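Participant: If you scroll down you'll find the structure; I have some questions about it.
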Amino acid sequence: MPRTYFISGTDTNVGKTIVSAVLATKLEAHYFKPIQCGLNKMNLKDSEVVKSLSNKAKILNELYFLKKPLSPFVAAKLEKKKIDLNKILQFVKNLKTKKLVIEGAGGLNVPINSNYLMSDLCQKLNTPLILVSRTKLGTINHTLMSLEIIKKKKINLMGIIFFGKKELETLETIRFFGKKILKKNIKILGRLPVAKELSRKTIQAFTKKIEI
């Protein structure tokens, strides 16, 4: 059966690309980030990061590359470009692959253009969402706010993957109040520790920490 997942985060730099690399490796799936804004500290695109960390992921090029590390709407506006949501939807629809990991840009409320947010792209793709969240202070607020958006947009939440130290009370609090928001149990798909150094070996080891 086709297995496609949309990866979003509760905040920027929360670990979406690492989770995407882990999932694409675990599933031996295609990786696709439709919109890339700017480069990381190593002057790499996220697709290049995933490629360097996985020999099992199959990389698809982004449809939009914007120079500034800003929200897609702002970055595109600066370059006098406009992001066409339908172009992204059609591209995904035409893909022949049965395993696909789609990485969003920023969080769910990040604007893509003057009409749509990242959550709208996820909703229109109609594919299960995996939310990436931290375990450190502030995560309860950010995660529950994201769950409110998921409820409002009627997005199918597959579960949450956490990054950081083991904080059982924090995770249980999110699970408890998340159930109140969505009226169903929240699946914790796994927790990844913050690695001092990332490599293909690290990513391969991380695949065993995620249940999917």
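Participant: Looking at G106 and the list (1) on the phi < 0 side of the Ramachandran plot; (2) part of a strand (DSSP E or B); (3) surrounded by 19 or more Cβ atoms within 10 Å (Cβ to Cβ), which single condition is not satisfied?
Facilitator: (1)
Participant: Which residues, counting only those in the stretch 150-166, are free of Cβ contacts under 8 Å to residues at least 60 places away in the same chain, touching a Leu at 6+ places or on another chain (Cβ under 9 Å) and either more than 23 Å from R3 (Cα to Cα) or among the aromatic types (F, W, Y) (or both)?
Facilitator: If the condition is that a residue be free of Cβ contacts under 8 Å to residues at least 60 places away in the same chain, touching a Leu at 6+ places or on another chain (Cβ under 9 Å) and either more than 23 Å from R3 (Cα to Cα) or among the aromatic types (F, W, Y) (or both), then F162, G164 are the ones that fit.
Participant: While we're here: So which residues in the stretch 169-212 are hydroxyl-bearing (S, T, Y) and buried (at least 17 other Cβ atoms within 10 Å of the Cβ), if there are any at all?
Facilitator: Result: T170, T202, T207.
Participant: Please go through the stretch 20-42 and give me each residue that is of a type outside the set (S, T, N, Q) and either farther than 25 Å from K87 by Cα or open to solvent by 10 Å² or more (accessible area, probe 1.4 Å) (or both), ordered by number.
Facilitator: Scanning the stretch 20-42 gives V22, K26, L27, E28, H30, K33, C37, L39, K41, M42.
Participant: So the check is Cβ under 8 Å with 6+ separation or different chains; which pairs have a first residue in the stretch 185-212 that's farther than 15 Å from G164 by Cα and assigned to a helix (DSSP H, G or I) and a second one that's open to solvent by 100 Å² or more (accessible area, probe 1.4 Å) and of a type outside the set (A, V, I, L, M, F, W, C)?
Facilitator: Between residues of the stretch 185-212 that are farther than 15 Å from G164 by Cα and assigned to a helix (DSSP H, G or I) and residues that are open to solvent by 100 Å² or more (accessible area, probe 1.4 Å) and of a type outside the set (A, V, I, L, M, F, W, C), the close pairs are R200/N55.
Participant: Is it true that I149 is within 19 Å of C37 (Cβ to Cβ) and in a helix (DSSP H, G or I)?
Facilitator: No.
Participant: Ok, one more. Considering only the stretch 43-59, I want to know if a residue exists there that is open to solvent by less than 30 Å² (accessible area, probe 1.4 Å), in contact with a strand residue (DSSP E or B) (Cβ under 7 Å, 6 or more places away or on another chain), assigned to a strand (DSSP E or B) and under 19 Å from S8 (Cα atoms).
Facilitator: The answer is no, given that none of the residues of the stretch 43-59 is open to solvent by less than 30 Å² (accessible area, probe 1.4 Å), in contact with a strand residue (DSSP E or B) (Cβ under 7 Å, 6 or more places away or on another chain), assigned to a strand (DSSP E or B) and under 19 Å from S8 (Cα atoms).
Participant: So which of I160, I155 is in a loop (DSSP other than H, G, I, E, B), buried (at least 22 other Cβ atoms within 10 Å of the Cβ) and either at pLDDT 95 or above or not hydroxyl-bearing (S, T, Y) (or both)?
Facilitator: Among I160, I155, only I155 is in a loop (DSSP other than H, G, I, E, B), buried (at least 22 other Cβ atoms within 10 Å of the Cβ) and either at pLDDT 95 or above or not hydroxyl-bearing (S, T, Y) (or both).
Participant: Sticking with this structure for a sec: In this structure, does K166 turn out to be over 16 Å from the mean Cα position of the chain (by Cα) and modelled with pLDDT of 95 or more?
Facilitator: No.
Participant: Of all residues in the stretch 7-22, which are under 15 Å from M145 (Cα atoms) and either hydroxyl-bearing (S, T, Y) or free of Cβ contacts under 8 Å to residues at least 24 places away in the same chain (or both)?
Facilitator: Hits for the stretch 7-22 are S8, T10, T12.
Participant: From the set of residues in the stretch 60-69 that are in a loop (DSSP other than H, G, I, E, B) and of a type outside the set (A, V, I, L, M, F, W, C), which is surrounded by the most Cβ atoms within 10 Å (Cβ to Cβ)?
Facilitator: E62
Participant: Which members of the stretch 5-42 meet the condition of being at pLDDT below 95 and farther than 26 Å from T139 by Cα?
Facilitator: M42, the sole residue that qualifies.
Participant: Can you report the number of residues in the stretch 74-92 which are surrounded by fewer than 18 Cβ atoms within 10 Å (Cβ to Cβ) and within 19 Å of the chain's Cα centre (by Cα)?
Facilitator: Total meeting the criteria: 3.
The values are calculated or read from the model by the stated rules, or taken from the named source; none is laboratory data. The structure displayed is predicted, hence computed values, not measured ones. Heads up, the Cβs are rebuilt from the backbone with ideal geometry, glycines too, and the neighbour counts pull from every protein chain shown. SASA here: full protein model, heavy atoms, side chains in, ligands and nucleic acids out. Shrake-Rupley method; radii C 1.70, N 1.55, O 1.52, S 1.80 Å.
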